[in-house]
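These notes are about the structure you will find just below.
The values are calculated or read from the model by the stated rules, or taken from the named source; none is laboratory data. All values derive from a computational prediction rather than experimental measurement. With ideal geometry, Cβ positions are generated from the backbone for all residues, glycine too; neighbour counts draw on all protein chains shown. Ligands, DNA and RNA are excluded from the accessible area calculation, which covers all protein heavy atoms including side chains. Shrake-Rupley method; radii C 1.70, N 1.55, O 1.52, S 1.80 Å.
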Amino acid sequence: MKAPARTRPERSLQHGSQPALDAILRPRSVAVIGAGREPESMSGRLFRNLLATFNGPVYPVNPKAGSIESVRAYASVLDIPGPVDLAFIAVPSACALRVIEQCSRKGVCGLVVISAGFAEVGQQAGQQELLKAIRASGMRMVGPNCVGVVNNDPAVQLNGTFSPVCPQPGNVGVCTQSGALGVVIPDYVRRSGIGASSLVSVGNKADLGENDCLEFWEHDPATDAMMLYLESFQDPIALLPAAQRIARSKPIVALKGGRTAAGARAAGSHTAALATPHAAAEALFRQSGMIRVDALEELFEVTALVAAQPIPGGRRVAVLTNAGGPGVLCADVLESEGLCLPELSTELQTALRGIAGPVASVRNPIDLIAAVDPHEYRRCLQHLLRSDEIDSVIVIYVPRTTGSGPAILQAVRETAAVEPTKTVLTVFMQTDGLEDRPTKGHVAPPNFLFPEAAARALSKAVHYGQWLQTPAGRAPAFDDVQVEAASQIIERAFARLGKHGGWLEPGEALGVLSAFGLPLAAWKVARTAEEAIAAARTLDGPVAVKVISPSALHKSDRGGVALNVAGDEAVRKAFARVTAPFTDVQGVLVQQYVPHGHEALVGVTRDPQFGPLIAFGLGGVQAELTGDVTLRMYPLTDRDAAEMIGEIRSARLLDGYRNAPPVDKAALEELLLRVSTLAGALPEVAELDLNPVKLLAPGQGACVVDCRIRIARNGG
């Protein structure tokens with residue numbers, strides 16, 4: 001596979017480094033190059049937003065204007081008398097390179113290139129020229145084709161966007177890749193009750209992207225949570241360890257567009273066919289601790305929750321409502337998402353009934369019935385928040401009288417502020433009459449219009465809390481691994497196959513696996529029927545006979561495999577049968593037959609952005625058909641391996657289901673970790689399929705009974 005056309009920036013997110021976005025978000029002076037005289041033009045709004053907010057000097061650059069908004073304009077950035085830390089570039093794309101070169105001569109530190117007309121319309125060469133000039137100068141750049149940046153730090157007060165709305169101050173760092181959404185996201189942020197510490201519209205991400213945003217916010221005391229809308233990844237290999245570190249202290253909520261894009265490469269193995277771009281992104285989210293959401297509305301809802309409330313300590317939820325229907329709908333979604341509504345203790349039920357009256361239902365959901373006042377909500381919520389029986393509360397209110405909502409909402413907020421250790425969400429099912437909730441203090445519950453949305457948002461926060469509570473995994477080192485021996489096998493294969501590589505012969509592939517300590521069924525290569533008979537005699541019990549043929553990509557599909565073969569004559573017939581369909585036969589593999597055990601797929605494929613991806617699933621030859629496979633990015637930790645085994649849809653089979661025996665999970669985890677070690681140590685392994693792997697009973701291990709390995713230089 002070819003590398004991406006775009007030159008990737010140097011790896012960012014190195015812990016302890018100076019955040020690259022400092023040059024963009026903390027300037028002392030700014031210039032707008034291409035500042036417009038028309039108030040409603042894009043560059044005109046940008047200049048006026050800066051002029052109205054920024055605490056330092058703002059210089060307009062426009063060779064056709066003497067002044068803009070009564071501020072002296074300059075023909076070039078070079079004519080500005082004072083220093084310029086940050087330049088906003090809003091000129092035609094054909095002029096952008098010349099302007100960037102002038103900024104370099106001026107000593108500008110950071111650039112925000114609003115100008116469009118680059119990679120987003122197929123002009124990659126022009127964008128590469130910009131990046132080359134940026135790198136040569138030492139400047140850093142956001143864009144091109146972006147909406148701009150915002151920093152609500154009182155010491156800076158930078159609204160460097162052309163959006164008509166600036167997000168209100170708060171504790172969330174916002175990153176958006178979409179230019180169109182970048183215009184409206186500030187308004188959505190405000191309407192969702194989210195306050196932004198800063199906002200970065202990264203545009204085409206020619207230089208700076210989401211990795212740099214996360215690095216900046218990690219060290220920013222004003223930022224407690226982060227929200228990302230992405231259409232591509234800047235550098236997922238660098239993002240994985242950094243997000244794992246950052247998410248331990250600050251939640252990261254992310255929406256990735258383009259989930260249904262089909263893989264563009266031809267797949268020569270089951271693993272490569274299953275490792276779609278969406279599956280790779282899923283692996284990144286699962287391992288990193290980032291909270292993945294599925295829709296734009298959910299992005300704002302979940303961010304509002306984790307930015308304003310404590311992360312839930314467990315899965316136990318109480319629903320406090322004055323209407324049975326919404327409470328039931330809420331409970332349905334909670335349980336479908338893996339959360340639970342425990343029946344409350346007799347003591348707690350008695351206390352709640354003393355407040356709500358004899359007709360209320362207090363088992364959970366707690367239904368206060370229609371006639372309810374702020375005092376009842378307040379006292380019931382106090383009991384729930386002080387109880388050790390629940391971790392979160394969803395408060396639902398359906399208006400029964402005009403104007404009743406605000407008083408009850410205020411009572412709920414005040415109670416939550418006094419008892420800030422539990423997570424509280426409100427669902428007030430009315431479309432007007434409620435004030436905007438405050439965004440500071442980290443205790444104001446986010447409000448939802450519908451109970452299902454609240455339940456889904458809470459489930460995301462709960463699963464994130466469970467991730468926080470699970471110890472970080474480790475990638476073990478295996479003392480018996482023989483990297484040099486495996487590398488020699490691969491180099492000899494390159495000498496045979498040529499510089500572009502190809503598929504290893506079975507003996508070569510098994511030799512590589514053996515060097516990494518993977519459990520293999522005993523095997524021998526035979527070139528003739530007589531050699532196959534001799535090989536079978538040395539193996540214990542029945543054998544499998546498998547054709548060796550360059551054209552046999554999936555040999556079982558074409559009759560190239562014979563199983564449970566015993567006796568000389570049976571081996572002779574099996575040799576003839578498995579070789580007959582092929583014209584390029586090189587021999588057969590004679591292998592000890594493993595009759596028992598669940599069949600599984602374990603594999604590796606290399607993605608040009610994500611690096612090695614490790615796959616696991618049940619099904620053997622049916623793995624690709626069922627799609628019951630999970631992926632992780634390299635390197636696997638022991639935690640990753642255990643999670644992979646437990647999260648496939650058919651995981652219950654591995655614990656013993658009905659008459660099926662359980663499997664040796666410890667051996668399977670070790671096998672996955674050894675495969676990950678191989679993927680990291682041998683970059684020439686482009687694709688690897690262990691299919692099937694026989695998963696045996698506890699204490700009996702696992703056994704690889706078939707494998708394929710394709711090698712290529714640079715992981716191609």
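Just checking, how many residues over the range 630-672 are of a type outside the set (S, T, N, Q), in contact (Cβ under 8 Å) with a residue 12 or more places away in the chain and open to solvent by less than 20 Å² (accessible area, probe 1.4 Å)?
Residues that pass the stated criteria total 14.
Starting from residues that are part of a strand (DSSP E or B) and either among the small types (Gly, Ala, Ser) or in contact with a His (Cβ under 7 Å, 6 or more places away or on another chain) (or both), keep the ones in the range 675-691 and report whichever is modelled with the lowest pLDDT. Quick ask: steps written out before the conclusion?
First, pick out the residues of the range 675-691 that are part of a strand (DSSP E or B): 685-691.
Narrowing the set further to residues that are either among the small types (Gly, Ala, Ser) or in contact with a His (Cβ under 7 Å, 6 or more places away or on another chain) (or both) leaves 686, 689, 691.
On the way: Ala686: 96, Asp689: 94, Asn691: 90.
Among those residues, the one meeting the criterion is Asn691.
Looking for whichever is surrounded by fewer than 21 Cβ atoms within 10 Å (Cβ to Cβ) and in a loop (DSSP other than H, G, I, E, B) here; the options are Ala180, Ala222. Which one fits?
On the way: Ala180 fails: in a loop (DSSP other than H, G, I, E, B).
Going through Ala180, Ala222 in turn, the sole match is Ala222.
Residue check: is Val302 under 30 Å from Ala238 (Cβ atoms) and open to solvent by less than 10 Å² (accessible area, probe 1.4 Å)?
yes
Go through (1) open to solvent by 50 Å² or more (accessible area, probe 1.4 Å); (2) at pLDDT below 95 and name the single condition Thr346 misses.
In the conditions (1) open to solvent by 50 Å² or more (accessible area, probe 1.4 Å); (2) at pLDDT below 95, Thr346 misses (2) alone.
Hey, Ala281 hits all of (1) at pLDDT 95 or above; (2) farther than 23 Å from Val142 by Cα but one; which does it fall short on?
(1)
Six or more apart or on different chains, Cβ under 8 Å: which pairs go from a residue in the range 385-412 that's in a strand (DSSP E or B) to one that's of a type in the set (D, E, K, R) and open to solvent by 50 Å² or more (accessible area, probe 1.4 Å)? Could you list them?
Short answer, once both residue conditions are applied: Ser392/Arg316.
Given the residues Gly173, Gly160, which is the only one that is more than 25 Å from Asp294 (Cβ to Cβ), open to solvent by less than 10 Å² (accessible area, probe 1.4 Å) and either among the β-branched types (Val, Ile, Thr) or not in a helix (DSSP H, G or I) (or both)?
Numbers: Gly173 fails: more than 25 Å from Asp294 (Cβ to Cβ).
Going through Gly173, Gly160 in turn, just one is more than 25 Å from Asp294 (Cβ to Cβ), open to solvent by less than 10 Å² (accessible area, probe 1.4 Å) and either among the β-branched types (Val, Ile, Thr) or not in a helix (DSSP H, G or I) (or both): Gly160.
Kindly indicate whether Ala712 is among the small types (Gly, Ala, Ser) and open to solvent by less than 10 Å² (accessible area, probe 1.4 Å).
Working: among the small types (Gly, Ala, Ser): yes; open to solvent by less than 10 Å² (accessible area, probe 1.4 Å): yes.
In short, yes.
Being open to solvent by less than 50 Å² (accessible area, probe 1.4 Å) and out of contact with any Pro (no Cβ under 9 Å at 6 or more places or on another chain) is the filter; apply it to the range 453-467 and report the residue that is farthest from Tyr397 (Cα to Cα). Quick ask: steps written out before the conclusion?
Within the range 453-467, the first condition is being open to solvent by less than 50 Å² (accessible area, probe 1.4 Å), and the residues that meet it are 453-455, 457-462, 464-465, 467.
Checking which are out of contact with any Pro (no Cβ under 9 Å at 6 or more places or on another chain) leaves us with 453, 455, 459-460, 467.
On the way: Ala453: 14, Ala455: 15, Ser459: 20, Lys460: 22, Trp467: 31 Å.
Going through the qualifying residues, I end up with Trp467.
Only one of (1) closer than 30 Å to Gln488 by Cβ; (2) buried (at least 23 other Cβ atoms within 10 Å of the Cβ) fails for Gly617. Which number is that?
(1)
Select from the range 367-384 the residues that are closer than 17 Å to Thr415 by Cα and not in a loop (DSSP other than H, G, I, E, B) and list them in ascending order.
Those that are closer than 17 Å to Thr415 by Cα and not in a loop (DSSP other than H, G, I, E, B): Pro374, His375, Glu376, Tyr377, Arg378, Arg379, Cys380, Leu381, Gln382, His383, Leu384.
Would you call Val481 at pLDDT 95 or above, surrounded by 14 or more Cβ atoms within 10 Å (Cβ to Cβ) and hydrophobic (A, V, I, L, M, F, W, C)? Show your work before the answer.
Values: at pLDDT 95 or above: yes; surrounded by 14 or more Cβ atoms within 10 Å (Cβ to Cβ): yes; hydrophobic (A, V, I, L, M, F, W, C): yes.
Judged against the criteria, Val481 is a match.
With open to solvent by 60 Å² or more (accessible area, probe 1.4 Å) and in a helix (DSSP H, G or I) as the only criterion, which of Glu40, Glu129 stands out? Spell out how you get there, then give the answer.
Working: Glu40 fails: in a helix (DSSP H, G or I).
Only one candidate qualifies: Glu129.
Are any residues in the range 606-624 free of Cβ contacts under 8 Å to residues at least 60 places away in the same chain and assigned to a strand (DSSP E or B), and if so, which ones?
Of the range 606-624, the ones free of Cβ contacts under 8 Å to residues at least 60 places away in the same chain are 616, 618-619, 622.
Residues satisfying the conditions are Phe616, Leu618.
Residue-wise test of (1) of a type in the set (S, T, N, Q); (2) within 23 Å of the chain's Cα centre (by Cα).
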site	(1), (2)
Val147	no, no
Val156	no, no
Pro164	no, no
Gln168	yes, no
Gly193	no, no
Ala196	no, yes
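Just to be sure before I move on: is Ile89 buried (at least 18 other Cβ atoms within 10 Å of the Cβ), touching a residue at least 60 places away in the same chain (Cβ under 8 Å) and under 21 Å from Lys64 (Cα atoms) in the structure I sent? Explain how you work it out, then say what you get.
Working: buried (at least 18 other Cβ atoms within 10 Å of the Cβ): yes; touching a residue at least 60 places away in the same chain (Cβ under 8 Å): no; under 21 Å from Lys64 (Cα atoms): yes.
No: the conditions fail for Ile89.
Hey, any hits in the range 349-366 for a residue that's in contact with a Phe, Trp or Tyr (Cβ under 8 Å, 6 or more places away or on another chain), part of a helix (DSSP H, G or I) and more than 30 Å from Gly619 (Cα to Cα)? Break it down stepwise before answering.
Going residue by residue through the range 349-366, those that are in contact with a Phe, Trp or Tyr (Cβ under 8 Å, 6 or more places away or on another chain) are none.
Scanning the range 349-366 turns up no residue that is in contact with a Phe, Trp or Tyr (Cβ under 8 Å, 6 or more places away or on another chain), part of a helix (DSSP H, G or I) and more than 30 Å from Gly619 (Cα to Cα).
What pairs come up if the first residue lies in the range 673-695 and is touching a residue at least 60 places away in the same chain (Cβ under 8 Å), the second is among the acidic types (Asp, Glu) and part of a helix (DSSP H, G or I), and their beta carbons are under 7 Å apart, counting only those six or more places apart or on different chains?
Every condition considered, the pairs that remain are Leu673/Asp638.
Does any residue in the range 328-354 that is within 12 Å of Asn364 (Cα to Cα) come within less than 6 Å, Cβ to Cβ, of a residue that is of a type in the set (Ser, Thr, Tyr) and at pLDDT 95 or above six or more places away or on a different chain, and which pairs are these?
From residues that are within 12 Å of Asn364 (Cα to Cα), the pairs are Leu348/Ser387.
Those residues that are of a type outside the set (A, V, I, L, M), open to solvent by less than 50 Å² (accessible area, probe 1.4 Å) and part of a loop (DSSP other than H, G, I, E, B), I need them from the range 96-112; list them, please.
Gly107
With the structure loaded, tell me whether Pro154 is surrounded by fewer than 24 Cβ atoms within 10 Å (Cβ to Cβ) and either of a type in the set (Asp, Glu) or in a loop (DSSP other than H, G, I, E, B) (or both) or whether it fails that test. Can you show your working first?
Values: surrounded by fewer than 24 Cβ atoms within 10 Å (Cβ to Cβ): yes; either of a type in the set (Asp, Glu) or in a loop (DSSP other than H, G, I, E, B) (or both): yes.
Taking the combined requirement at face value, the residue satisfies it.
For the condition surrounded by 13 or more Cβ atoms within 10 Å (Cβ to Cβ), in contact with a strand residue (DSSP E or B) (Cβ under 6 Å, 6 or more places away or on another chain) and more than 26 Å from Ala155 (Cβ to Cβ), what is the one hit in Ala73, Ala65?
Details: Ala65 fails: in contact with a strand residue (DSSP E or B) (Cβ under 6 Å, 6 or more places away or on another chain).
Matching residue, one of Ala73, Ala65: Ala73.
Those residues that are open to solvent by 30 Å² or more (accessible area, probe 1.4 Å) and of a type in the set (Val, Ile, Thr), I need them from the range 380-399; list them, please. Can you show your working first?
Our first condition is that a residue be open to solvent by 30 Å² or more (accessible area, probe 1.4 Å); within the range 380-399, this holds for 382-383, 386, 388-389, 398-399.
Val398, the sole residue that qualifies.
Do the conditions hold for Pro186, that is, is it assigned to a loop (DSSP other than H, G, I, E, B), open to solvent by less than 10 Å² (accessible area, probe 1.4 Å), touching a strand residue (DSSP E or B) at 6+ places or on another chain (Cβ under 7 Å) and modelled with pLDDT under 95? Steps first, answer last, please.
On the way: assigned to a loop (DSSP other than H, G, I, E, B): no; open to solvent by less than 10 Å² (accessible area, probe 1.4 Å): yes; touching a strand residue (DSSP E or B) at 6+ places or on another chain (Cβ under 7 Å): yes; modelled with pLDDT under 95: yes.
For Pro186, the condition - assigned to a loop (DSSP other than H, G, I, E, B), open to solvent by less than 10 Å² (accessible area, probe 1.4 Å), touching a strand residue (DSSP E or B) at 6+ places or on another chain (Cβ under 7 Å) and modelled with pLDDT under 95 - is not met.
Residue under question is Gly117, and the condition is that it be closer than 22 Å to Leu46 by Cα, open to solvent by 20 Å² or more (accessible area, probe 1.4 Å) and in contact with a Ser or Thr (Cβ under 6 Å, 6 or more places away or on another chain); does it hold?
Details: closer than 22 Å to Leu46 by Cα: yes; open to solvent by 20 Å² or more (accessible area, probe 1.4 Å): yes; in contact with a Ser or Thr (Cβ under 6 Å, 6 or more places away or on another chain): yes.
Yes; evaluated as a whole, the condition is true for this residue.
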